[in-house]
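What follows is one structure encoded as structure tokens, with my remarks underneath.
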Amino acid sequence: MSDSTFAIAPDGVNPSVVPQRTLHTGAKIPSVGIGTFGSDRFSAEEVATAVLGAISVGYRHIDCASIYGNEHLIGESLRTAIQGGIKREELFVTSKVWNNMHGEGDVLLSLAKSLKDLKLDYLDLFLVHWPFPNHHDQGVSVDSRDPHAVPYIHEDFMKTWRQMERLVDMGLVKAIGTSNVSIAKLKLILRDARIKPAVNEMELHPHFQQPELFQFCVDNKIVPIGFCPIGSPTRPDRDKTDTDTVDIQDPVIVKIAQRLGVHPAVVCLKWAVQRGQVPIPFSIHRSEYLSNLKCSTENLLTDAEMKELAGIDRKCRLIKGQVFLWTTAKDWPDLWDEDGHIAGL
């Protein structure tokens, strides 16, 4: 990656026309980012090359995580772009602390490694990737259970969150946020946080709209960031089940795509941006990540189409998180507090 050169692509999107959201800190976050989870299907080199290409076509929002194992190569891409004329303050870079780094002092160590790997002095956003310290070995099946896994323990989470808050105080991160939490967990975090989450990263796509959690975030001035925005067709096989539905095959989405003359994935992203969340689609293919960004700036969906799309929610969660279950948990819904109560307490 270090031998790469950087130039603004003539067929790209002017970043100034990409819609933005405003965090409660006052910072602006581009309303479309590029994800960097290779889903076990793409190499770190391919992902890093896509990041550099994405910046060249107008992306300024890069969503990373330490567990993805590619931040050291993405850092080369970021350095190449910055040396090529992109100002650091024009980029919005996110990373996340993994489950095995929740301990006292470990959050700072996690951030320090991400900053070193990404070759940055600060992050724009740092998230707690999952709200518990449950880990899983690479490549395990969804039936695997770590004997040390535990349910959500709010006091322990707040110890992690206090470390996150100190990183803001130190100027090492501009904003902090949550990921993969429920309304029940967010209520406790908001009650006890000194610095409240600026965002919540969550699964959001037309077949899994999470209207209650989405509205709770909006009402509390927490920006919803949506992963799997097109239904994640390249997600790991371990995350696929027979009951999963396919957003881009939905008749409503296909009909709108035909009207616009675009791929159905583009409709999912337009819906996301117009609804008010921040999708972070992933692709290593230039034509795809370019169209994923361009779709936020042209050919808006009509109010009638937005209403029609609101009606196709299948409540189909794709990333169920089974590998994080503790041994006494019944099944994956226990991770998500679907009855409004935190399971396992």
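The values are calculated or read from the model by the stated rules, or taken from the named source; none is laboratory data. This structure is a prediction, so every number in the text was calculated from the model and none was measured. Here Cβ is always computed from backbone atoms with ideal geometry, including for glycine, and neighbour counts include all displayed protein chains.
Residues in segment 223-248 that are assigned to a loop (DSSP other than H, G, I, E, B) and buried (at least 23 other Cβ atoms within 10 Å of the Cβ): 4 in all. I'd like to know if segment 4-27 contains one or more residues that are exposed (fewer than 15 other Cβ atoms within 10 Å of the Cβ), touching a residue at least 60 places away in the same chain (Cβ under 8 Å) and under 20 Å from Ser232 (Cβ atoms). Checked segment 4-27: no residue is exposed (fewer than 15 other Cβ atoms within 10 Å of the Cβ), touching a residue at least 60 places away in the same chain (Cβ under 8 Å) and under 20 Å from Ser232 (Cβ atoms).
State whether one or more residues within segment 106-129 are surrounded by 23 or more Cβ atoms within 10 Å (Cβ to Cβ), assigned to a loop (DSSP other than H, G, I, E, B) and within 18 Å of the chain's Cα centre (by Cα). Checking segment 106-129: at least one residue is surrounded by 23 or more Cβ atoms within 10 Å (Cβ to Cβ), assigned to a loop (DSSP other than H, G, I, E, B) and within 18 Å of the chain's Cα centre (by Cα).
Per-residue answers, yes or no, for (1) hydroxyl-bearing (Ser, Thr, Tyr); (2) over 18 Å from the mean Cα position of the chain (by Cα); (3) surrounded by fewer than 23 Cβ atoms within 10 Å (Cβ to Cβ):
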{"residue": "Ala44", "(1), (2), (3)": "no, no, yes"}
{"residue": "Gly58", "(1), (2), (3)": "no, yes, no"}
{"residue": "Ala65", "(1), (2), (3)": "no, no, yes"}
{"residue": "Ala81", "(1), (2), (3)": "no, yes, no"}
{"residue": "Gly84", "(1), (2), (3)": "no, yes, yes"}
{"residue": "Thr94", "(1), (2), (3)": "yes, no, no"}
{"residue": "Asn100", "(1), (2), (3)": "no, yes, yes"}
{"residue": "Glu104", "(1), (2), (3)": "no, yes, yes"}
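Does segment 246-255 include one or more residues that are more than 14 Å from Pro206 (Cβ to Cβ) and basic (Lys, Arg)?
No, segment 246-255 has no match at all.
Could you please find all residues in segment 115-143 being among the small types (Gly, Ala, Ser) and either under 17 Å from Trp98 (Cβ atoms) or at pLDDT 95 or above (or both)? Result: Gly139, single match. For the criterion of being under 22 Å from Ser95 (Cα atoms) and among the aromatic types (Phe, Trp, Tyr), Phe227 passes.
Hey, can you tell me all the residues within segment 18-50 that are among the polar types (S, T, N, Q), out of contact with any helix residue (DSSP H, G or I) (no Cβ under 7 Å at 6 or more places or on another chain) and closer than 22 Å to Glu76 by Cα?
Ser39, Ser43, Thr49
Taking the conditions exactly as written (crowded, with 18+ Cβ neighbours inside 10 Å, β-branched (Val, Ile, Thr), at pLDDT 95 or above and over 18 Å from Ile319 (Cα atoms)), does Val199 satisfy them or not? It is true that Val199 is crowded, with 18+ Cβ neighbours inside 10 Å, β-branched (Val, Ile, Thr), at pLDDT 95 or above and over 18 Å from Ile319 (Cα atoms).
Evaluated against (1) at positive phi; (2) part of a helix (DSSP H, G or I); (3) not aliphatic (A, V, I, L, M), Glu305 falls short on exactly one condition, (1).
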